[in-house]
Structures are given as C-alpha cells and as structure tokens.
Amino acid sequence: MNEQYDYIIVGAGSAGCVMANRLSAMSSVSVLLIESGPDDKNPLISMPRGIGKLLVPGNPHVWDYKVSRGPEETEDIWLKGRAIGGSSSINGMVYVRGAPEDYDAWEAAGCTGWGWSNMGRHFVELEDHVLGTATGRGAGGPLKVSVHPSGDPLCEAVLAAGVQMGTPRVVDINLANTTGLGGLGYQTQNIWHGQRYSAAKAFLDPVRNRPNLNILTHTDVLQINFQDKRASSLTVRDSSGVRKISVGKEVIVCGGAIQSPKLLQLSGVGPTDLLKSHGIAVVKDAPQVGRNLREHFFLAMQYRVKSHSLNNRFFGLGLLRSLWQYYTGKKGPLTHSAHEIGGFVKTRPELDRPDAQIGISLYSLTYGEAEVVPEKQPGLTLGGYFMRPQSQGEVSIRSADPDAPPYICANYLSAVTDRTAAISMYRWIRKLASQPALAPFIVGATTPSMDAQSDEEILEAFKQWGGTAYHVSGTCRMGSDAESVLDPSLRVRGVSGLRVVDTSIMPALISGNTNAPAMAIALRAAEIITAELANPHTTTSALHTGVAS
C-alpha cells in the first residue's frame with residue numbers, strides 16, 4: 001500500500017465524504033480517507049428508525065462522551081457518528097440548511113467568501129429535492145432530499161394549531177421565507193425510497209473505485225507530525241500496529257467539533273499551558289482551539305394523546321407489523337426521520353425573525369437508566385430549541401494519551417439570552433398544545449409536567465429535561481482576527497499543510513441542524529482548495545461571487 005499521499009482526510013463523516021469525492025476528482029493527486037470506525041454496512045444504518053439501536057453508548061458506530069452541562073449541573077451523554085458517513089449514518093436525517101442571515105453574519109464578521117451568496121449555491125448544488133427546482137432549491141444534485149408524507153390526522157392537527165398560533169403552514173421549511181418569517185410543515189429529510197441517504201451514499205459510494213482514492217476503516221489517527229511547522233505525516237494505529245503515513249500537500253481534518261480540536265491539541269496546536277501540562281511539545285500556541293463550543297439545548301415536551309401516536313408500532317406485535325412493512329415495501333413508521341413535522345417560529349411577537357426550531361414527533365419516550373424506549377401508552381413529542389445560542393463551552397484534552405476521553409463542558413444556558421429564549425419557547429410550545437385544533441387529541445402534558453409556571457420553575461424544568469441536539473460546533477472557529485484558529489480558507493493559523501473542514505469551523509452556530517451545513521462547508525472548502533491549486537495567488541474573496549435565495 002502506498003504510504004504517502006498528496007491529501008490525507010481525517011474522518012469519513014459528512015464533510016470527509018464530500019472532501020474525498022471532490023479531491024479525488026482530480027486524477028493527478030492521491031487521496032487517503034481515514035475513518036476510526038467501521039464501514040456503513042450495518043442494516044440498521046439504512047433503516048431510518050434504526051437510530052433507536054445505534055444511538056446508544058458502547059455501540060461501535062458512535063463515539064460516546066460524558067459531558068459537563070455546566071457548573072453544579074448533571075452530566076450529559078453526547079453521541080457522534082464513528083463510521084463511514086459519520087453522524088450522517090446515525091442521525092435523525094433532518095435536512096435543514098439554516099438561515100441566509102446566519103452565513104451573511106459570518107461574512108460580516110470577517111469570514112470572507114462564506115456569506116449566503118456562496119453558501120446558498122452550494123446547498124442548491126447538494127440537492128436532488130423531491131419538490132424539484134425553485135428559487136434557492138436544487139434538483140439533480142448528489143444528495144436525495146424528500147418530504148415526510150402528508151395526511152396523518154395528528155400531524156394535520158399540529159399544523160392547524162400552528163396556524164391558530166399565527167405560524168403559517170409551508171410546503172418547504174428550508175426556503176428563505178420560512179427561515180426568515182416562520183412556518184411549520186412536513187419535515188424535509190435525507191430519506192429516499194424508505195431508506196437513509198447519508199453523505200456516504202451521496203458522495204463516497206459513487207467514487208469508491210477511483211484508483212487515486214484509498215479508504216481505511218478501523219484506523220485511529222493518533223497525531224499529526226510537523227516538520228518546520230508543516231504537517232508532514234500522521235501517526236496512525238490499526239489492527240497491525242502503529243505506523244506513519246506521509247503527506248505531500250495537506251492534511252484535512254474532518255473529525256467533527258470534538259475530535260478535531262482534540263487531535264490538534266494532541267499534535268501540539270492549542271493553548272500552550274494546556275499542552276505543557278500534559279508534556280506535549282508546542283508547535284503553535286493557539287488558545288482558541290477547543291473554545292467557542294456551541295450546542296443547541298433541546299427540550300422534548302411530551303404529551304399523552306388519545307390516538308394516532310406511533311408508540312405501539314415500536315414494540316410487540318406492532319413492531320412486527322412495522323418490520324414487515326419495512327422489509328416488504330420500505331414503508332411504515334420505521335422509514336420516518338426523527339420528526340414528522342418541523343419548522344421555525346417566533347416565540348415572542350416583537351422578534352424580527354424566528355428564534356426557535358420546532359420538531360414534532362408522533363411518539364413519546366421513557367427515559368431509564370440504561371436505555372430510552374417508546375412509552376407503552378400513546379404519546380406525542382413537541383420539541384425545540386433556541387437556534388442561536390450565545391452560551392459557550394469548551395473541549396480540552398485530559399492527557400497526552402490519544403485514548404483518554406477529552407474534557408467537554410457544554411455550559412448550557414450560561415448566557416442570559418439563552419435563558420430568556422428557553423423560557424419563551426417553553427411557553428410557546430405549551431400554548432401550541434392548548435390550541436383548539438389539538439383538543440380532540442391531547443389528554444395532557446407528561447414530561448415536563450404542568451407544574452412549572454414561573455420563569456424560575458420553567459428554567460429548572462428545561463435544565464432537568466433538556467439535552468443535546470447533536471449539533472456541536474465552533475471549536476476550531478474561522479475568522480479574520482489573529483485569535484481565530486482558522487483563516488477564511490480554513491487553514492490552521494501558524495502552521496502549513498493543515499486545514500480543518502467540519503462544523504468546528506463555525507464562528508457561530510447556524511439556525512438549525514448541522515448535517516447539511518457540514519456538507520455545504522466541505523463543498524466550499526473543496527472549491528477553495530481546487531482554486532488555489534489552479535492559481536496559487538487566488539484569494540478567498542476572489543474565488544467566486546454568486547447569488548442564491
């Protein structure tokens with residue numbers, strides 16, 4: 001096997017699959033893609049509701065982390081994809097792009113070339129949307145995007161309740177009018193003909209046989225090695241032992257917002273005091289590596305309902321029926337994404353744009369010590385989170401040992417803005433559940449109970465029942481300031497031959513799920529890299545200026 005490559009991509013997740021596709025399209029370069037976990041051949045990955053068995057600590061397809069919620073708070077468990085496809089192989093398959101204003105704010109803050117004029121066209125480039133082309137929506141792209149089927153009576157009642165609240169019903173929740181003004185509709189999803197359509201299916205499977213692309217699974221990257229501050233090789237470990245693989249042009253780290261800063265720190269790029277405390281030689285003092293962690297704090301508010309819950313389809317004879325529907329026709333509740341309905345709402349009338357993302361699921365869960373399972377009685381989940389959190393956490397290594405788990409602090413609700421928004425979203429969902437359209441269905445609230453009424457009680461309930469939305473970001477932020485980890489071309493400042501391409505690059509968390517943005521970020525990064533190869537003197541701002549709505 002060739003032990004030197006032009007490009008080595010660390011992590012075969014959503015961004016890594018895109019990078020492998022785009023870079024290996026240049027036949028003149030050699031590309032190695034390294035994944036710590038297994039291939040994506042487990043049948044539970046293809047089954048959309050297989051996530052119930054995949055998203056559990058100890059599963060070989062996930063990283064599981066113990067996370068501090070904040071000072072004097074209980075621990076959280078975060079699960080991230082550890083397989084070909086990364087989190088796109090184990091997530092809820094919700095396809096959301098974020099609002100154009102999010103990306104324009106990045107550019108206004110100094111991230112030249114990352115505004116909506118560029119990012120919007122990359123989303124269009126991504127999509128093969130079941131609704132076809134429209135202003136700001138794509139068809140014919142590599143990633144299949146569908147919409148949950150309409151017509152379920154309970155879903156229709158939720159949408160009618162939204163209208164009664166002043167939130168319009170929409171056909172495509174991703175269009176600018178919805179992200180800018182608000183709306184609820186059937187969930188857009190990465191599901192096609194009843195099966196998951198991951199980044200691996202979209203970008204990696206079509207190019208696996210390219211002669212200039214090699215893929216390693218079950219291979220851990222232990223360290224990036226530098227020569228004169230240039231990334232020169234990787235130390236890796238697989239079943240045959242530890243060895244080095246040399247790189248000619250660049251190492252591209254696509255490990256995600258936890259593994260990417262961890263690898264940089266283990267390799268000597270990070271806060272000097274932290275590195276020295278663990279005996280790691282400092283290659284570049286980069287205090288912001290691991291800082292600026294942002295995460296959506298999701299609250300699932302559950303209700304007992306009279307009918308049309310799917311709870312009874314996930315156990316006993318109902319589960320057998322669901323399995324039969326799935327295996328004989330790729331139909332039924334096992335083909336659903338995490339939410340049947342989604343959208344964006346203003347939780348207070350004075351707001352100029354939506355501040356919360358809402359997801360409605362036709363099930364409710366019971367939370368035990370060892371597992372999370374559907375309730376035996378019929379239930380409905382009305383969940384959501386404040387989309388633009390200001391609370392910031394961190395990721396930092398605890399040891400020079402690559403196998404040691406990092407310290408992670410989410411610092412949920414530490415910012416006043418986040419607490420205010422959490423309270424108003426809680427009240428908005430309670431009001432939605434009380435609308436006349438839902439009266440024939442809802443019996444009453446289960447978790448949290450109706451006991452919480454004051455702001456203080458609501459905040460405590462939010463802390464008790466809330467948790468991760470699996471949207472960790474920001475820990476290797478890009479920017480134009482000297483303190484940013486990356487420049488707007490995603491090159492690590494102070495060294496050469498090293499970039500980071502994943503959700504860790506976000507200076508601020510976008511308004512929604514992060515899987516689609518991770519792929520769009522990688523498309524943008526690949527465009528930057530190929531343009532630099534064609535013209536080494538090209539600047540980021542001159543690469544392209546387009547318009548997308």
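The values are calculated or read from the model by the stated rules, or taken from the named source; none is laboratory data. None of these values were measured; they are calculated from a predicted model. Neighbour counts run over all protein chains shown; Cβ positions are idealised from the backbone, glycine included.
Hey, does the stretch 345-353 have a residue that's farther than 30 Å from Leu490 by Cβ and crowded, with 22+ Cβ neighbours inside 10 Å? The answer is yes; a qualifying residue exists.
Pairs linking a residue in the stretch 316-345 that is closer than 20 Å to Gln377 by Cα to a residue that is outside any strand (DSSP E or B) and of a type in the set (A, V, I, L, M), with Cβ atoms under 6 Å and 6 or more positions apart or on different chains, are Ser322/Leu334; Pro333/Leu310; Leu334/Met47; Glu340/Leu362. Number of residues in the stretch 313-350 that are in a loop (DSSP other than H, G, I, E, B) and out of contact with any His (no Cβ under 9 Å at 6 or more places or on another chain) equals 10.
Select, from Val242, Val247, the only residue that is more than 28 Å from the chain's Cα centre (by Cα), buried (at least 18 other Cβ atoms within 10 Å of the Cβ), touching a residue at least 12 places away in the same chain (Cβ under 8 Å) and assigned to a strand (DSSP E or B). Sole residue among the options that is more than 28 Å from the chain's Cα centre (by Cα), buried (at least 18 other Cβ atoms within 10 Å of the Cβ), touching a residue at least 12 places away in the same chain (Cβ under 8 Å) and assigned to a strand (DSSP E or B): Val247. Residues that are surrounded by 14 or more Cβ atoms within 10 Å (Cβ to Cβ), free of Cβ contacts under 8 Å to residues at least 40 places away in the same chain and over 25 Å from the mean Cα position of the chain (by Cα) within the stretch 130-162 comprise just one, Glu156. For the stretch 260-290, the set of residues classified as of a type in the set (Gly, Ala, Ser) and either touching a Ser or Thr at 6+ places or on another chain (Cβ under 8 Å) or under 27 Å from Glu35 (Cβ atoms) (or both) consists of Ser260, Ser267, Gly268, Gly270, Ala286, Gly290, listed by residue number. Considering only residues in the stretch 47-72 that are touching a helix residue (DSSP H, G or I) at 6+ places or on another chain (Cβ under 6 Å) and in a loop (DSSP other than H, G, I, E, B), the one that is farthest from Glu394 (Cα to Cα) turns out to be Met47. Filter the stretch 456-488 down to the residues that are touching a residue at least 60 places away in the same chain (Cβ under 8 Å), more than 14 Å from Gly255 (Cα to Cα) and small (Gly, Ala, Ser) and list them by number. Hits for the stretch 456-488 are Gly466, Gly467, Ala469, Gly479, Ser480, Ser484.
Among the residues of the stretch 182-202, the one identified as part of a helix (DSSP H, G or I) and either touching a Phe, Trp or Tyr at 6+ places or on another chain (Cβ under 9 Å) or over 27 Å from Lys331 (Cβ atoms) (or both) is Lys201. I'm trying to understand the selection: among the residues of the stretch 97-111, which are surrounded by fewer than 20 Cβ atoms within 10 Å (Cβ to Cβ) and assigned to a loop (DSSP other than H, G, I, E, B)? Listed by number, the residues that qualify are Ala109, Gly110. Just so you know, in the stretch 287-337 the residues that are modelled with pLDDT of 95 or more and among the aromatic types (Phe, Trp, Tyr) include one that is nearest to Val373 (Cα to Cα), and it is Phe314. The strands (runs of 3 or more DSSP E) located wholly in the stretch 353-413 that include 2 or more residues which are within 30 Å of Leu319 (Cβ to Cβ), at pLDDT 95 or above and under 23 Å from the mean Cα position of the chain (by Cα) occupy 356-361, 379-386. Scanning the stretch 122-160 for residues that are of a type in the set (A, V, I, L, M), in contact with a strand residue (DSSP E or B) (Cβ under 8 Å, 6 or more places away or on another chain) and part of a strand (DSSP E or B) yields Leu143, Val145, Val147.
When each of Gln189, Gln195 is tested for being on the phi < 0 side of the Ramachandran plot and surrounded by 24 or more Cβ atoms within 10 Å (Cβ to Cβ), the lone residue that passes is Gln189.
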